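No value in this document is a laboratory result; all are computed from the given coordinates. Note that the structure is predicted; figures quoted are calculated from it, not measured. So basically every Cβ, Gly included, is an ideal-geometry build from the backbone, and we count neighbours across all protein chains shown.
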Amino acid sequence: MGIVYLYAKSFFNPLSIYPIIQTQAQGYIVPSSILFIRKAYNLFWHFEELIGDNFREKIFDKLFESYVGDLLKNIFGKDKVQRIENYKNSKLEDEFFDWIVEDTEHVYLIETKAYSLNLANYQTGDITKQVLDKIIKKPVCQMFKRIKDLESGKYNKINKFLNKNIIPIAIYYNIPYVSGDAYSNKIAEVMNNSDNEAGIQKAIGNENKIEEFKKFKYYLLNIQELECYQDIKSKITLSECLISNKKDKNLGNSFEGTLRKLKGNNCLKSPFLEKEMDSLWNQIIN
């Protein structure tokens, strides 16, 4: 049977093969950030090698940050999710968290990190100190310093958040099981090693005490865990889920384990992704 050209576009979506388009006038264009995030999932290092050092900083970081924002708005509602630009003191050049999610009792301060494990990490399950320094210690130091800046009044327009329970969360692009016990011992070693104290002190600022940093409460999530949280959000709040996953040893202390326990025998899914991918598919075939 030959191709019916009236419907031929349903056979092939060029964005599946070329999720990034290079132009002469505008550099790189990503027509669909959602399609790119999902289709490029296993091609991250290929794009970084192909495009160079600017790939992560100039393209992927911003795309991932935008994607997380869209996901948060879909989970909590647009009125609950904000950007710091709405409150930032114009005289300050320091960055704050990427997204702010506010509910009745809590303020979730979200830091997005478009980090991905490389093939060697996947094959061996071994993550070196150098990798943990970059993907864990640096973001945690950033979160700690920015919260201390908030408490000191540096961001005076958002002092109202201090009246609520502040929950800092780093959300990663592709660090599986980061919320559980898989790396907890190595992370603790990196954070508490006396040889790292000078570097940590520099990262959090000399005005802050390293003893306070060691007591700092933070959470780490892989993006897939946040995507699947939406599937059971009617059963548990995000704060409850973050806390409960640290109590159940049978679940590996992971956020995903808590989600699966609440879901029962049914598979976890992402309503946001299903809706967006259905919409993209309808655009392709119609």
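Taking the simple approach of a point 7 Å from Cα along Cα-to-Cβ for both Lys186 and Lys261, what is their distance in nm?
If labels sit at Lys186 and Lys261, their model points lie 2.5 nm apart.
Which value in nm describes the separation of the simple spin-label points at Asn156 and Arg83, placed 7 Å from the Cα toward the beta carbon?
Once both label points are built, they end up 2.5 nm from each other.
Tell me, Val107, Val68 in order of fewest to most beta-carbon neighbours within 10 Å?
Fewest-to-most Cβ neighbours within 10 Å comes out as Val107, Val68.
Please report the net charge: other residues with Cβ closer than 12 Å to the Cβ of Lys186, K and R +1, D and E -1.
Result for the neighbourhood of Lys186: -2.
Between their Cα atoms, which of Lys138/Lys263; Lys78/Lys160; Lys134/Lys233; Lys164/Lys209; Lys73/Lys129 are more than 27 Å away from each other?
Exceeds cut-off: Lys138/Lys263; Lys134/Lys233; Lys73/Lys129.
Work through the residues other than Lys263 whose Cβ is under 12 Å from its Cβ and net out their charges, Lys, Arg +1 and Asp, Glu -1.
Local net charge: +3.
If I take R0 = 22 Å and measure r between the Cβ atoms of Glu212 and Asn163 in this structure, what FRET efficiency does the formula 1/(1 + (r/R0)^6) give, to the nearest 0.05?
0.60
Amide H of Ile166 versus every other amide H placed in the peptide plane: which residues, excluding those fewer than 5 positions away on the same chain, fall under 5 Å?
Residues meeting the amide H criterion: Val107.
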